[in-house]
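Data first, discussion second: the structure below is written as structure tokens.
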Amino acid sequence: MDAQFKKGILDLCVLSILEKKEIYGYGLKMEISALMDVNENTLYPLLRRLEKDGYVKTSTHQSEQGRTRKYYFITDEGKSHLQTQRIEWRAFKEAADSLIEGVYEDE
């Protein structure tokens, strides 16, 4: 998948996963990677930006293996932002599909 396509939608993908569960960075990478390629050099700066913007917070938990991991979770502000982004994504996708598939009306 084109890197620019992913860059434009990755925030929405991350927030959608975090809406369902709290997860650590590598786990998040693995979930996204099951559907599209994403590398850590893209994901971790995105998580830091989402945290800086107030959409995500972190907590530290010890795993079963004894390692301490930073877990990410969505904030109320993040949930509100996610809903807005979903609406915008659907409108964008519909418009793009119309143009790509040639079903728009020529005025």
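Summary of values
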read-out: Of the trypsin sites (Lys or Arg not before Pro) in region 8-66, those whose Cβ has at most 15 other Cβ within 10 Å and which sit in DSSP loop; value: LYS21
read-out: Projected area averaged over orientations for region 68-107, convex hull of C-alpha atoms, nm²; value: 4.6 nm²
read-out: LEU18, LEU99, ranked by accessible area, largest first (probe 1.4 Å); value: LEU99, LEU18
read-out: Label corresponding to Cα Rg over 2.2 N^0.38 Å when calculated from the structure given, among [x] 1.21; [y] 1.07; [z] 1.26; value: [z]
read-out: Value at 222 nm in deg cm²/dmol, rounded to 500, when DSSP H runs of n ≥ 4 in the chain each add -39,500 (n - 2.57); value: -20500 deg cm²/dmol
read-out: Nearest-0.05 FRET efficiency for ALA95 and MET36, computed from C-beta distance (R0 25 Å); value: 0.70
read-out: Where the chain is the region considered: accessible area per residue in Å², 1.4 Å probe; value: 71 Å²
read-out: Percent accessible area from carbon and sulfur atoms, the chain, protein chains only, probe 1.4 Å; value: 49 percent
read-out: In region 58-97, trypsin sites (Lys or Arg not before Pro) in a DSSP loop with at most 10 other beta-carbon atoms within 10 Å; value: ARG67
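The values are calculated or read from the model by the stated rules, or taken from the named source; none is laboratory data. Note that the structure is a prediction, hence the values are computed from the model and not measured. Ideal geometry is used to build each Cβ from the backbone, glycine not excepted, and the neighbour counts take in all protein chains shown. Accessible surface areas use protein heavy atoms only, side chains included; no ligands, DNA or RNA. Shrake-Rupley method; radii C 1.70, N 1.55, O 1.52, S 1.80 Å.
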